[in-house]
Amino acid sequence: MCGLAGFWQAGGLTPDAPTCLRRMMDALRHRGPDHAADWLDPAAGIALGHRRLAILDLSSEGHQPMHSASGRYVVVYNGEIYNWRSLRAAEELRGVPFRGHSDTEVLLAVIERRGLEAAVNALVGMFAFALWDRAERSLALVRDRFGEKPLYYGWSGGTFLFGSELRALSAHPAGDFPVDRGSLALLLGFGCVPAPWSIRSGVFKLEPGTILRLRDGTPERRQRYWCPVEVARGVQAAGFAGSPQDAVQEVRAQLATTVSDEMVADVALGAFLSGGVDSSTVVAAMTTVAGGSRVRTFTIGFPEQGFNEAEEAREVAARLGTAHTELVVSGAEACEVVPRLGTIYDEPFADASQIPTYLVAALTRRFVTVALSGDGGDELFGGYNRYALMRHHWRTLARLPRAARRLLARIGLAVPPGMWSRALGVLRGARRPGPGRWQNPTDRALKLLRVLDADSPETLYRRLLGAWEEPARVVLGLADTPAPPALEGGQPAGTDLVRAMMLLDAELYLPDDILVKVDRATMAVSLESRAPFLDHRMAELAWRIPTEIHFHDGRGKWVLRQLLAEVLPAGLVNRPKKGFEVPLADWLRGPLAGWADDLLSADRLRRQGFLDADQVTTRWKAHRSGTRNEQVALWPVLAFQAWLDGGAAPAGAPC
């Protein structure tokens, strides 16, 4: 796991290029504290820099930038190739010699023999890399299938900039990019800025599963080599002839292979353990692979009732026999992290579970350098509550005429939340929501009302994820909100509504929310996170399994729960899903109230000129008073405000 940065200047490098490159690399030091190096070709105008977190081959033979055996290719690479040993063995049979035992050297050998596209399709792993072809004087940027590893790029005058994080581009003197108002609206709508956009106008994220080729500093060809919707359509067409138990057997076998591959490292390794189905399934597989060795597991919890999963994780760890470390964090300790989020996430990001994710990453890094996680299990195996909600209720609601649904929604949303709480018997009301963003019955009812008149899966999806239904009306100077590419194609042919939502999550929510959250939180403390469920072979198997099997008992994630039931009692397997949440609503009225008051002041908002001060302050006053729970709407605004307030690296400073 590492950080990469570089640039390409038309007409050749200027004398200050080495200094500028070093500044870009220094901005990524947290991603790679173990080694830093660069390579420049002044005549060609190319500069490549790398910060290394050493995981495989800790010697100098693993350092980057690395040249291929012939000298034709130079690469800077971030990630892990899990099938590097089998790829290397195949090359050795053809007489290819190797200097060390890093996966980077294997990557270059496979590219040199097979070509870039064939090599990328042969890789199993997570990766983002920049490959310079010295013979053709061309550059290729490549990102892994699900987008586990980030890669930003943009043009400024005659300079093409790229790097693992936005801050690397901002550290270059040409990296003075203004705020993109369309991306700000996307942040309000989704809680993140989906690819290909970034919060900086003129800077883009390379989409997952994509190769961008450039010649003479300009794009030559963009190629999507792997797309979840297309792959899912293909494997579903092939069908799944087996029984539900056959599905369990196939997933068990694939998980064993994947976990075994991902437990290879030359440094200490462990796992995140929340006590939920996904992380528990991964840890159970790890204990089998480890044999007699104890797997190290880590969790954090909060003392607030309904938000502490440490007890469940402790029970799972005891049953599986792991060497378990837990930390219960007070609200005050957790809130100390909040003002630093604008730096940890150098692009505004608004999934509140970023707070516990960072805290558990910091705890884990004290003991190990690599941690496996359960990320991807919900999207691939049907774990989110919204899937079950739609599966159970949407068919009934969709039978009603849309005009009737719109009228019901209008009436329901006009009822004050306090009255909903009393009607539903929720004495705690909005002041003390239960675990999970919409687990409180009042919140769930309001969310259902907001999606009641949706006319398509795309509209339904937007409303389930976002709190600002029309973000363009909140962002000043903006006519409309851009549509993420994943929402432009309509419901994939041959899919039911739940499967369509799962694929939308794989294209949008997973790479742009979940994986961004984990990557920035872990890399901030120089910890590598690996996600066995995101092995593309596992994904293709999950998509081949019919929706009816995933929801065999109506709850979702049936296959994984069957696997887990083999090693854990039913009480631990069948607990309701909680999510990795924090009592943010209460914190915003308590220890974070002053911080939020400052960032959300009407005068500040009007002076900055990005957001409608009246709409924002109205919601803030309603939340602060306890009239409504507006945490989901306010958190992206606060994330943006904190970022503007200095969380982002200074742009355009001279080298």
Count of lysine pairs, the chain, Cα-Cα under 23 Å, sep. 8 or more residues or interchain, comes to 12
Computed accessible area, Phe610, all protein chains, 1.4 angstrom probe, square angstrom | 30
Kirkwood Rh, angstrom, the range 25-136 [1 / mean 1/r, Cα pairs] = 14.4
For the range 496-618: span of alpha carbons on each principal axis (Å, largest first) | 57, 35, 31
Counting only protein heavy atoms and leaving out ligands, DNA and RNA, the solvent-accessible surface of Ser274 at a 1.4 Å probe, in Å² to the nearest 10, equals 40
For the chain, the Cα gyration tensor yields equivalent-ellipsoid semi-axes (√(5λ), largest first, whole Å) of 38, 31, 24
Rounded to two decimals, what ratio of Rg to Rh does the range 456-568 give with C-alpha atoms and a Kirkwood Rh?
-> 1.03
Express the accessible area of the range 591-642 per residue in Å², computed with a 1.4 Å probe while the remaining protein chains stay in the model.
-> 39
Taking a point 7 angstrom from the Cα of Ala565 along the C-beta vector, which residues in the range 245-279 have backbone N less than 11 Å away?
-> 245
Taking the reciprocal of mean 1/r across every pair of different Cα atoms in the range 213-330, the Kirkwood radius in Å is 17.7
Report the equivalent ellipsoid semi-axes for the range 556-618 in whole Å, largest first, defined as the square roots of five times the eigenvalues of the gyration tensor built from alpha carbon atoms.
-> 45, 14, 8
Roughly speaking, what is the centre-to-centre gap between the range 282-339 and the range 187-238 when only Cα atoms are used, to the nearest Å?
-> 34
At a 1.4 Å probe, what is the % contribution of carbon and sulfur to the accessible area of the chain?
-> 51
Grab the Cα-Cα distance for Glu470 and Ser601, subtract it from 0.36 nm times how many residues apart they are, and report the gain in nm with one decimal.
-> 45.0 nm
Would you compute, for the Cα atoms of the range 106-231, the largest minus smallest coordinate along each principal axis and list the three values in descending order, in whole Å?
-> 44, 35, 21
Full-extension gain in nm, Asp645 to Arg224, via 0.36 nm per residue minus C-alpha separation = 147.9 nm
Would you mind computing, in nm to one decimal, how far apart the modelled labels at Glu488 and Ser70 are, each placed 7 Å from Cα along Cα→Cβ?
-> 3.6
Where the range 223-305 is the region considered: accessible area per residue in Å², 1.4 Å probe | 39
Accessible area in square angstrom per residue, the range 118-185, 1.4 angstrom probe = 21
How far apart, in nm, are two points set 7 Å out from the Cα along the Cα-to-Cβ line at Ala241 and at Asp553?
-> 2.9
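The values are calculated or read from the model by the stated rules, or taken from the named source; none is laboratory data. None of these values were measured; they are calculated from a predicted model. Counting neighbours? That spans all protein chains shown, and the Cβs are built from the backbone with ideal geometry, glycine included. The protein model used for the area step is the full one, side chains on, heavy atoms only, and it has no ligands, DNA or RNA in it. Shrake-Rupley method; radii C 1.70, N 1.55, O 1.52, S 1.80 Å.
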